[in-house]
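One structure below.
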Amino acid sequence: IRNQEDIKKACKDIDIVFQTAAAVWDTKIPPMVYDDINVQGNKNVIDVCRNLEIKKLVYTSTIDVVVDGRKPIVNGDESLPYPEKLPKDNYCRTKIIAEQMVIKANSPELLTCSLRPAGMYGPRDRYHLTNIIKSAMSRNNFRLGNGSAKFSHVYSENAAYAHVLAAKNLYHGSTVAGNIYFITDHQPAENLFDFMRPFLEGFGLKPPTRSIPYPVAYAIGWINEKINPASIFNTFAVIQTCIDHTYVHDKAARDFGYKPIVSKEEAFKRTLEWFRQNWDILFTHNQT
């Protein structure tokens, strides 16, 4: 999406654009790449939609756009404001800018909306669950915090279904146009480590039993990111794990009829099956 000509080729003769492309959270990615893809690339998509007279644009945002790192969020809804100052974290910062850009672009000529999926998991997840498994396989298998913090998740197919529903209900005069929606799975939310337990046990791995208190973990994360900026153990990861981050999708249910179509049990089953089939590629090969 950094090249408008490539976008034009991909969007020729279509009616709806689902803008899911982004540089996701990865400490190895240079800051300028986040801006090039998440901000300028997103602007390119909007410009192409206008130039080709495409009528609908559905943007994939993130729950991270409302996280300020200072206070917990419990059953958060769309009334939550953005942080007062743009976060230092490049992913959060650029996704805020991009989402605001998409909502501002809403017009009679180009109808837009933004969806904020919770922590996503499912087959082909090479980020969220993969990192948890790698941690469980290592000697540094610790539980962060006291185990009370809850975190909302969404299965990938449920998130995709929400995008389709939003697009179908994106029309002139609809409440969806120019609006923002959280997308989550089944309630209630769980602690991250409790949520991951069935996956780890399904792979014959032991869930962490040792824990690091939140203040200690935060201090270690702060020191670690100063010494090794590329480390995934940093203050952002600690905050995301040790403080409540739960959301509700009531607004999406009301405005375009969203509700999860894949049960938690079926989602876990499909995810476990995919990881078992690709275990050597994801883990064994990387260790040799």
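The values are calculated or read from the model by the stated rules, or taken from the named source; none is laboratory data. All values derive from a computational prediction rather than experimental measurement. FYI the Cβ positions are ideal-geometry reconstructions off the backbone, even for glycines, and counts take in every protein chain you see.
If the requirement is being closer than 24 Å to Ile180 by Cα and within 19 Å of the chain's Cα centre (by Cα), which of these qualifies: Lys264, Lys251?
That would be Lys251, the only listed residue that is closer than 24 Å to Ile180 by Cα and within 19 Å of the chain's Cα centre (by Cα).
Tell me, which residue of region 62-92 that is within 19 Å of Thr27 (Cα to Cα) and polar (S, T, N, Q) is modelled with the lowest pLDDT? That would be Asn90. Restricting Asn179, Asn131, Asn169 to residues that are at pLDDT below 95 and either under 22 Å from the mean Cα position of the chain (by Cα) or not basic (Lys, Arg) (or both) narrows the list to Asn131. How do the pairs read when you match residues in region 137-148 that are within 12 Å of Asp194 (Cα to Cα) with residues anywhere that are in a loop (DSSP other than H, G, I, E, B), using Cβ under 6 Å and keeping only pairs 6 or more apart or on different chains? Note: pairs meeting the criteria are Arg143/Pro208; Gly147/Asn191.
Of all residues in region 204-211, one or more are within 29 Å of Lys28 (Cβ to Cβ), in contact with a Lys or Arg (Cβ under 6 Å, 6 or more places away or on another chain) and in a loop (DSSP other than H, G, I, E, B). Picking from residues in region 1-17 that are surrounded by fewer than 19 Cβ atoms within 10 Å (Cβ to Cβ) and either touching a Cys at 6+ places or on another chain (Cβ under 9 Å) or of a type outside the set (D, E, K, R) (or both), the one that is nearest to Leu165 (Cα to Cα) is Ile16.
Go through region 38-55 and give me each residue that's of a type outside the set (A, V, I, L, M), buried (at least 19 other Cβ atoms within 10 Å of the Cβ) and either touching a strand residue (DSSP E or B) at 6+ places or on another chain (Cβ under 7 Å) or not in a helix (DSSP H, G or I) (or both).
Asn42, Cys49
Looking across region 168-205, the residues that are under 14 Å from Phe256 (Cβ atoms), out of contact with any Asp or Glu (no Cβ under 9 Å at 6 or more places or on another chain) and buried (at least 18 other Cβ atoms within 10 Å of the Cβ) come down to Leu170, Ala177, Ile183. Under the condition of being more than 17 Å from Met32 (Cβ to Cβ), basic (Lys, Arg) and outside any loop (DSSP other than H, G, I, E, B), the residues counted in region 80-111 number 1. Residues in region 228-248 that are touching a helix residue (DSSP H, G or I) at 6+ places or on another chain (Cβ under 8 Å) and modelled with pLDDT of 95 or more: Tyr247 only.
Annotation for region 156-167: no member residue is in a loop (DSSP other than H, G, I, E, B) and polar (S, T, N, Q).
Among the residues making up region 23-37, those that are touching a helix residue (DSSP H, G or I) at 6+ places or on another chain (Cβ under 7 Å) and either among the aliphatic types (A, V, I, L, M) or crowded, with 16+ Cβ neighbours inside 10 Å (or both) are Ala23, Val24, Trp25, Tyr34, Asp35. Among the numbered conditions (1) surrounded by fewer than 15 Cβ atoms within 10 Å (Cβ to Cβ); (2) more than 16 Å from the chain's Cα centre (by Cα), the only one that Thr20 does not meet is (2).
Is one or more of the residues making up region 15-22 in a helix (DSSP H, G or I), touching a Phe, Trp or Tyr at 6+ places or on another chain (Cβ under 9 Å), at pLDDT 95 or above and among the hydroxyl-bearing types (Ser, Thr, Tyr)? Scanning region 15-22, I find no residue that is in a helix (DSSP H, G or I), touching a Phe, Trp or Tyr at 6+ places or on another chain (Cβ under 9 Å), at pLDDT 95 or above and among the hydroxyl-bearing types (Ser, Thr, Tyr), so the answer is no.
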